[in-house]
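Report on one structure; see the data block that follows.
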Amino acid sequence: MNRVGLKIGVNFAVLLMLQVFVCNSIYLGIYLNIQIYLMFILFLPAGLSALPVLLLSALMGFCVDLLSGDLGLHLAACTAMGYVRPYLLKRIATSDQIEIPSINRTHFVQYFIYTGILIFLHHLLLFTLETFDLNDILPVMIRTLFSAVVNIILICFIRVLTSR
């Protein structure tokens with residue numbers, strides 16, 4: 001296994017365990033859900049083609065569902081996130097080379113757009129499927145917005161702490 005594959009495997013395992021054993025145990029009310037495992041999909045190497053990204057995203061969602069006792073909600077939301085990710089990276093690229101936006105000053109807008117769109121999409125799909133009732137669209141939107149903002153800030157904070 002090469003170095004990139006090993007790094008992806010370690011990130012997968014660490015973020016999955018953090019999500020299942022730590023974040024799922026934290027209750028911040030009905031409108032806030034911490035989804036730290038999304039960092040795995042967000043920060044997969046930009047050089048990966050669309051199919052591996054889609055498969056790894058689906059695998060992460062399946063594992064979260066399996067260990068959390070959900071019935072495919074995370075699988076669907078993560079697969080959608082993995083599907084949109086390559087297209088979004090192409091759209092926000094500032095040059096011919098596609099790369100994951102960094103959190104530094106010059107790329108902060110791209111970073112915020114990238115993480116914001118993908119996290120909002122994930123949460124919207126997850127909470128809509130969880131509720132599965134269009135009469136409850138306002139609570140779903142509020143929950144999506146609050147959870148997305150909290151997760152964007154948390155992921156941003158973790159990214160700053162772990163960046164070199």
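Throughout, read-outs are computed from the coordinates displayed, never taken from laboratory work. Note that the coordinates shown come from a computational prediction; the quantities given were computed from them, not determined experimentally. Methodologically, a virtual Cβ is constructed for each residue, glycine included, from the backbone with ideal geometry; neighbour enumeration extends over all protein chains shown.
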What residue among TYR83, TYR27, TYR114 has the largest mean-square fluctuation in a Gaussian network model of the chain, using Cα springs under 10 Å? TYR27
For each of ILE36, ILE30, count neighbouring Cβ atoms within 10 Å of the residue's Cβ, then give the residues from fewest to most. ILE30, ILE36
Using alpha-carbon pairs under 8 Å, 6+ residues apart, how would you state the relative contact order of the stretch 73-161 in percent? 32 percent
Here are several values of log10 I(q)/I(0) by the Debye sum over Cα atoms at q = 0.14, 0.19 Å⁻¹: (i) -0.71, -1.34; (ii) -0.60, -1.19; (iii) -0.83, -1.11. Which one was derived from the coordinates shown? (i)
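May I ask you to sort SER147, SER68, SER95, SER163 by Cβ crowding, counting other Cβ atoms within 10 Å and putting the fewest first?
Numbers: SER147 23, SER68 13, SER95 6, SER163 9.
Fewest-to-most ranking of SER147, SER68, SER95, SER163: SER95, SER163, SER68, SER147.
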What relative contact order, as a whole-number percentage, does the chain give when Cα pairs under 8 Å and 6 or more residues apart are counted? 23 percent
So which residue, out of ILE152, ILE34, ILE113, gets the largest mean-square fluctuation from a GNM of the chain using Cα contacts under 10 Å as springs? ILE113
Which one, ALA77, ALA93, ALA148, has the greatest fluctuation when you compute a Gaussian network model over the chain with C-alpha springs under 10 angstrom? ALA93
For VAL10, VAL84, VAL64, which order do you get if you count the other beta carbons within 10 Å of each Cβ and list the fewest first? VAL10, VAL84, VAL64
